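The block underneath contains the structure these notes are about, expressed in structure tokens.
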Amino acid sequence: MNQVISREDAFALLKKYNKEPFHIQHGLTVEGVMRWFAKEYGYAEEEDYWA
């Protein structure tokens, strides 16, 4: 079974379990990096999934 969580739900969980601003920023940075890699390697149409 392949379930995909929405970005909003994922971000809410990130903030719920991580109170340090560094950890929130790290999550957002990783999201941006994964978006870049998706585009760079030909998965732009799946960018939201990889982010």
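The values are calculated or read from the model by the stated rules, or taken from the named source; none is laboratory data. This structure is a prediction, so every number in the text was calculated from the model and none was measured. Glycine gets a Cβ as well: all are built from the backbone with ideal geometry, and neighbour counts include every protein chain shown.
So here's what we get for this one:
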item: Any pair with Cβ under 6 angstrom, 6 or more apart, that starts in segment 7-23 at a residue that is closer than 17 Å to MET34 by Cβ and ends at one that is at pLDDT 95 or above and surrounded by 12 or more Cβ atoms within 10 Å (Cβ to Cβ); result: LEU14/GLY27
item: Residue within segment 24-47 that is touching a residue at least 12 places away in the same chain (Cβ under 8 Å) and among the aromatic types (Phe, Trp, Tyr) present; result: yes
